[in-house]
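One structure is given below, encoded as structure tokens.
The values are calculated or read from the model by the stated rules, or taken from the named source; none is laboratory data. The structure presented is a predicted model; accordingly, all values stated were derived computationally and were not measured. In this analysis, Cβ positions are derived from the backbone assuming ideal geometry, glycine residues included, and neighbour counts consider all displayed protein chains. Surface accessibility is based on the protein's heavy atoms, side chains included, excluding ligands, DNA and RNA. Shrake-Rupley method; radii C 1.70, N 1.55, O 1.52, S 1.80 Å.
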Amino acid sequence: MWWPHSTYKKTIDTLMKREVIITNDGSSSLSVTNWGENFHSIHGALQESTHVYINNGLALVEKEEISVLEFGFGTGLNALLSFEFAQKNNKKLHYEAIEAYPLTKDEYLSLNFDAFIKSNISVNDIHDCEWNQLKTWNNMHTLLKHSILIEDFVSNKQFDIVYFDVFGYDYQPELWSKAILEKAYQLLKSEGIFVTYACKGVVNRTLKELGFTVHKVAGPPGKREMIFAVK
């Protein structure tokens, strides 16, 4: 079901009941208990995000300065892993993310990612950053979080890679629409990478219609395949 923008945020806030969980690799995530949907795979949040967004995403960008745009900031795990990768590989990283429904302080204080990720940027660092304001660490790593619906996001920038990490097609199909995927396409530089955990036929077809070259690769534990695509 889809609601007008004026009532959408209130409706989602009312319907989405979240609680922190521990996934099978020991890392934390959130479960939307009344949807039966999780922010990450129950097989392991850390291993899923590393496999999808780092190993099959960021690591494929052969540049010394990289710009990332994430659709769905969520727990911030993808951002933390990206900053860790950039620090280990001496990359300059600019990271932007879109999130209309940020975690509460109680929620993000319950996340245990700092026990696994070796970085000078912590869970609290990224969640305590002011929304819609640029944060810089060491003149090398920057974060800009946009508090806005994906449908309403606009930017005159283009990015090297898009992480598409919204809720699954069965829960929010409107976020997998041609209009939203076209937005991702337009926000990418030439030869930019689009990467997502999903591998649904309708998504594959839409990406191809938009002009992406679509690749199916092995998914993380518990998922047979995933997609990365090149503009």
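Relative to the current alpha-carbon distance between Lys200 and Lys178, full extension at 0.36 nm per residue lengthens the span by 6.6 nm. Solvent-accessible surface of the chain, taken per residue with a 1.4 Å probe and all protein chains present: 46 Å².
Heavy-atom surface analysis with a 1.4 Å probe gives the chain a carbon and sulfur content of 48 percent of its accessible area.
Straightening the chain between Lys135 and Ala218 buys 26.4 nm, computed as 0.36 nm per residue apart minus the Cα-Cα spacing. Computed 3J(HN,Hα) for the range 212-219, one whole-Hz value per residue from the Karplus formula 6.51 cos²θ - 1.76 cosθ + 1.60 where θ = phi - 60°, is 6, 8, 9, 10, 9, 10, 4, x, glycine and proline marked x. Here's the picture: charge each Lys and Arg Cβ at +1 and each Asp and Glu Cβ at -1 in the chain, and of Ala59, Asn112, Ile148 the one pushed furthest to the positive end of that dipole is Ala59. Compute the distance in nm between two label points, each set 7 Å from the Cα along the Cα-to-Cβ direction, one at Glu65 and one at Asn124. About 3.3 nm separates the two model spin labels. For the chain, the pair-distance distribution built from all alpha carbon pairs, in bins 5 Å wide starting at 0, is 1, 6, 15, 20, 22, 19, 12, 5, 1 percent. Each of Ser31, Asn124, Ala229 was scored by the projection of its Cα onto the charge dipole of the chain, and the greatest displacement toward the positive side belongs to Ala229; charges sit on the C-beta of Lys, Arg, Asp and Glu. Provide the net charge surrounding Ser27, with neighbours chosen by a C-beta distance below 15 Å and charges set as Lys +1, Arg +1, Asp -1, Glu -1. Its environment carries a net charge of -4.
Modelled this way, with points 7 Å down the Cα-to-C-beta line, the labels at Lys189 and Lys157 are 1.2 nm from one another.
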